[in-house]
Amino acid sequence: KRKLNYFKDQNKNLTWWKNIFKDRINKFEKILGHKGTILDIGCGPGFFLKYAKSKGWKVMGIEPSLRAYEHAKKKLNLNIERLNIDQIASIGDLKFDVIYSHGVLEHLRKPIEYINLLNNYLKKKGIVFTSVANDFNLFQYSYTYGKKIKPWWIIPPEHINYFNVNSIQKLFHKRGFRTKDITTSFPIDMFLLMGIDYIAK
């Protein structure tokens with residue numbers, strides 16, 4: 001139900017998202033020293049790939065949702081395969097400069113297997129980008145401390161994994177990856193400490 005208006009909401013906020021995409025693409029080019037190829041795993045309706053393509057990158061995406069796949073493939077004319085992560089081998093022996101996943105890791109039943117799989121599709125000195133919700137963070141702890149409040153960020157079965165800055169780094173570091181850059185967005189939970197209860201609205 002939370003995703004019923006996802007495309008509409010994304011389009012409405014596309015100007016804001018393009019600023020996010022711009023920052024990400026600029027960082028990729030700075031780290032790599034060149035433009036290259038991107039595989040977006042769980043690419044959704046394709047808005048990020050469309051932006052990356054407009055900036056000269058060669059793009060490919062995989063997406064299990066039929067609705068999102070059709071939007072990316074037919075409306076945005078992108079190179080998309082309708083696959084879930086267990087079917088990724090069907091793309092063949094392709095390797096990419098960047099493997100990108102936004103809001104995916106928290107949904108996966110086997111996140112460690114997913115991370116181990118990335119090296120099969122990553123070029124030497126390539127970049128893995130992932131973004132996840134920063135849950136169990138200090139703002140959330142501060143607000144819930146001493147209160148009988150159910151953690152509102154726990155939303156099974158949609159999210160089955162939960163990360164913070166330290167845990168996501170450890171997950172990748174134990175599998176041979178190094179951190180090149182960390183960015184966090186504005187901590188919306190700060191509003192709770194300011195008396196603005198966005199949860200109850």
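Table for the structure above
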| read-out | value |
| --- | --- |
| R0 of 45 Å, Cβ-Cβ distance LEU193-LEU66: FRET efficiency to nearest 0.05 | 0.65 |
| Per-residue ³J(HN,Hα) for the range 39-47, Karplus 6.51 cos²θ - 1.76 cosθ + 1.60, θ = phi - 60°, Hz, x for Gly and Pro | 10, 9, 8, x, 6, x, x, x, 5 |
| 20 Å Cα-Cα reach of LYS174 towards aspartates and glutamates, excluding residues that sit fewer than 8 places from it in its own chain | GLU106, GLU113 |
| Sequence-distant aspartates and glutamates (8 or more away, or on other chains) whose Cα lies within less than 15 Å of LYS180 | ASP23, GLU29, ASP97 |
| Over 29 Å (Cα to Cα) - which of LYS53/LYS95; LYS27/LYS150; LYS27/LYS170; LYS35/LYS110; LYS50/LYS123 fall in this group | LYS27/LYS150; LYS35/LYS110 |
| Packing-based ranking, highest mean first, of 117-130, 56-69, 162-175 given that Cβ atoms within 10 Å are counted | 56-69, 117-130, 162-175 |
| Cα long-axis angle, helix 14-32 against the chain (0 to 90 degrees, to the nearest 10) | 60 |
| Highest average packing first - 178-186, 97-105, 42-50, 75-83, Cβ atoms within 10 Å | 42-50, 97-105, 75-83, 178-186 |
| Among (i) 16.6; (ii) 18.9; (iii) 18.3, the entry derived from the coordinates for Kirkwood radius over Cα pairs in Å | (iii) |
| Global form of the range 82-147, assessed from the alpha-carbon gyration tensor, a/c cut-off 1.5 | prolate |
| Proportion of all alpha-carbon pairs of the range 1-116 beyond 17 Å (%) | 56 |
| Residue among PHE48, ASN84, LEU118 farthest towards the positive dipole end of the range 1-127, charges placed on Cβ | PHE48 |
| Rg in Å to one decimal, and Dmax rounded to a whole Å, for the range 13-70 via C-alpha atoms | 11.7, 35 |
| Label-to-label distance, nm, for residues given as GLU81 and LEU32 (7 Å Cα→Cβ offset) | 1.9 |
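We did not get these values from a lab; they are worked out from the coordinates using the rules stated. Predicted model only: the values in this text are computed from it and were never measured. As a convention, Cβ positions derive from the backbone with ideal geometry for all residues, glycine included, and neighbour counts pool all protein chains shown.
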